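What follows is one structure encoded as structure tokens, with my remarks underneath.
The values are calculated or read from the model by the stated rules, or taken from the named source; none is laboratory data. Keep in mind it's a predicted model, so treat the numbers as computed, not measured. Cβ placement follows ideal geometry from the backbone for every residue including glycine, while neighbour counts extend to all protein chains displayed. What goes into the accessible areas is simple: the full protein's heavy atoms, side chains included, and nothing from ligands, DNA or RNA. Shrake-Rupley method; radii C 1.70, N 1.55, O 1.52, S 1.80 Å.
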Amino acid sequence: MKDKDRDELEEEEIEEEDTETSFEKFQNLGRKAAPTINLATLVLICFLAFIIRIFSVIRFEVIIHEFDPWFNFRVTKYLASEGAYSFWNWYDPESWYPLGRIIGGTTYPGIMFTSSAIHWLCNTFLFPVDIRNICVFLAPVFASITAITAYFFVKEITGRSDSGLLTALLIAIVPGYISRSVAGSYDNEAVAITALIMTFYFYIKSVNTGSIFWSTICALMYFYMVSAWGGYVFIINLIPLYNLFLVIIGRLDIKIYTSYTVFYIIGTLLCMQVPFVMFGALKSSEHFLSHGVFILLNMIMLIHFIKSNLGEELYNKLLGFVMFAVAVLFGLAFLVLTFKGHIQFGSRILTLLDPTYASKYIPIVASVSEHQPTTWSAFFFDLQGLLVFGPLGLYYCFLDPTNGKLFVAVFGVCSIYFSSVMVRLLLLSSPALCLLSGIGISELLHFFVDQMKNYNEDEATPLSTLCRSIILSSTKLTTNILPLTPISATLRAAVSANAVSVPSPPLSPSTKISSVSPARLPPSNKISALKKICSCSITTSSLPTDSTTLSTKLNPAASLRALPSRRLTNTPSLSKIFAPVSTTAPVSEKFSASMTKSPAASQIKSPQLSTPSALKFSPGLTSSPSTRPPRRSLKNTSSVPN
């Protein structure tokens, strides 16, 4: 007996070593194929983002939706046919009738120039295409670009591809963004959200690297955002607010200073080139925070330079005097410019700062449906599960803070506040919560995996035990269901042929697992192989040796086909109840025997139905279609018991 135990232990050790070797090979193969898998997954996500948004075209036709998209389409058509010079000087008598409208100086022309540029490229180098088709499909195409940008954005923040893929998937299917980017919704937001995410991505890249090149690219994307949508003021306030937050918590360094100063200078100069903005980039209240943070950062860097050349006592006195003087001068300049009318706060900005302002002083602004406060139902319809995973991502951003994670946290908090004040700004909170949710879900999955890898029964905590029990229970459920499927034997044979280890179902003491396919064995050894593959204690007498009945035992479909020629003989008490409506044979003789021996089955009594003698069941009756009882007529209710 001892020799047998030793042999069994040695066999188990050899099997474990083979399993570990196979698992390591599988891991190495996964690492080598990871870039290809990531690329394929990202392409599928982009296709998903595109195909979801063209449902209206597939269902109906290629058409522009709503009023503003029709105006944008009309302007784009004029720009594509007449050129940019005529566009800037176009006086449209049909808009704002009867006064008319100077189109070049009263619109954000980003989306018009984008469609016109694509139209020119297609007709010049590729193939002729109608401008209407470009306008209809522009939003779904830019939604796919947004998913790609979100992938690289979160990958830059966390350094993980899985987080980026989760974020790209969420931003491709979030309803709050789909509603503004469907095919035919040719509005400014169709390209603006893409420009928004790109601007933030390049800014975080410049913060992490301290590169002037990436700061310049960020300023160019900000210029495109300014030309596309009036919501650019969210960018020019969020980035300064983020830098002010870094100054308060003491994370300011030369990289952050370089990235912001380059972005501010180039971005402001480019912003002034848009006719609808021009000197508003210097005088409007929307840009006031960016000016103040630019001055503050330069003052801090000047103080650090002076500190390196002065004594500590003299430096502290100079610092207090300078900070007091800057605060006083800044406050006085703000008050003077405001009272003289050089700095004006728009009604929308005042409504965001004070939600009751519009209802008190400007009723026409408060009457617009897009300016109403957001209800909880709107949050749930537009954001759905992001409301659960967004706070989780916010927690992980502050748990392990980096410059990128802190930016996403500030982005999420500000967007949620503004979207709660104005329902239209749910469009801004959708990508923000997608970023937070992607980070949160990824961190949660990594936490579960780490708990499983580092689990130790001696040093286990209640949380690690809970994580392990959840994963093991789900794995056990899967492995218990797998052997019941008809293809389980084929799967096991394929797995063993490719030397890939998979978790096996729980074994009884009298059985072992064998990965040998029954098709490769001679007929005399099929019974033992099937016992090991199915992982169940089957006696030799219960399995016949002929191949026809053997295949019937293993294949449920074959069992159904062979049903008319088989007799139902087991469990008389149960057969009397279920025989008239039964269409399947018992699963196995072992199950029937256990049901017969169990006390619960012996207590079941067949109902005493007053049925005709021709319909009564007899043990020798077969379940063929010709002997099935006829349907009981609904009119004949006399024989039905009360």
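A compact table of results
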| quantity | calculated |
| --- | --- |
| Test: residue in the range 66-80 that is aromatic (Phe, Trp, Tyr) and closer than 22 Å to Asn123 by Cβ | yes |
| Number of positions in the range 90-119 that are farther than 24 Å from Ala192 by Cβ, open to solvent by 40 Å² or more (accessible area, probe 1.4 Å) and without any contact (Cβ under 8 Å) to a residue 12 or more places away in the chain | 5 |
| The range 147-174, residues that are of a type in the set (A, V, I, L, M) and either open to solvent by less than 10 Å² (accessible area, probe 1.4 Å) or touching a Ser or Thr at 6+ places or on another chain (Cβ under 8 Å) (or both) | Ala147, Ala150, Val154, Ile157, Leu165, Leu166, Ala168, Leu170, Ile171, Ala172, Val174 |
| 1 or more residues without any contact (Cβ under 8 Å) to a residue 60 or more places away in the chain, among the hydroxyl-bearing types (Ser, Thr, Tyr) and over 25 Å from Gly105 (Cβ atoms): qualifying helices (runs of 4 or more DSSP H) within the range 222-294 | 254-271 |
| Unique match (being in a helix (DSSP H, G or I), modelled with pLDDT of 90 or more and either acidic (Asp, Glu) or open to solvent by 60 Å² or more (accessible area, probe 1.4 Å) (or both)) among Arg6, Arg31, Arg74 | Arg74 |
| Check on Ser442, under 30 Å from Ile349 (Cβ atoms), modelled with pLDDT of 85 or more and assigned to a helix (DSSP H, G or I) | no |
| Candidate set from the range 175-216 (those that are closer than 21 Å to Arg424 by Cα and surrounded by fewer than 19 Cβ atoms within 10 Å (Cβ to Cβ)); member that is modelled with the highest pLDDT | Pro175 |
| The range 242-267: number of residues that are open to solvent by 20 Å² or more (accessible area, probe 1.4 Å) and among the hydroxyl-bearing types (Ser, Thr, Tyr) | 3 |
| Matching residues, the range 57-69, being in contact (Cβ under 8 Å) with a residue 60 or more places away in the chain, open to solvent by 30 Å² or more (accessible area, probe 1.4 Å) and part of a helix (DSSP H, G or I) | Asp68 |
| Qualifying residue in the range 340-351 (condition: of a type outside the set (Val, Ile, Thr), surrounded by fewer than 11 Cβ atoms within 10 Å (Cβ to Cβ) and under 30 Å from Lys205 (Cβ atoms)) | no |
| Candidate set: the range 365-418, residues that are of a type in the set (S, T, N, Q), in a loop (DSSP other than H, G, I, E, B) and surrounded by 13 or more Cβ atoms within 10 Å (Cβ to Cβ); chosen: the one modelled with the lowest pLDDT | Gln372 |
| Selected residue (criterion: surrounded by the most Cβ atoms within 10 Å (Cβ to Cβ)) from residues of the range 284-325 that are closer than 30 Å to Ile235 by Cα and of a type in the set (S, T, N, Q) | Ser290 |
| In the range 79-89, the residues that are surrounded by fewer than 18 Cβ atoms within 10 Å (Cβ to Cβ) and either in contact (Cβ under 8 Å) with a residue 12 or more places away in the chain or assigned to a loop (DSSP other than H, G, I, E, B) (or both) | Gly83, Ala84, Trp88, Asn89 |
| Qualifying residue in the range 44-53 (condition: open to solvent by 70 Å² or more (accessible area, probe 1.4 Å), touching a Pro at 6+ places or on another chain (Cβ under 8 Å) and touching a residue at least 60 places away in the same chain (Cβ under 8 Å)) | no |
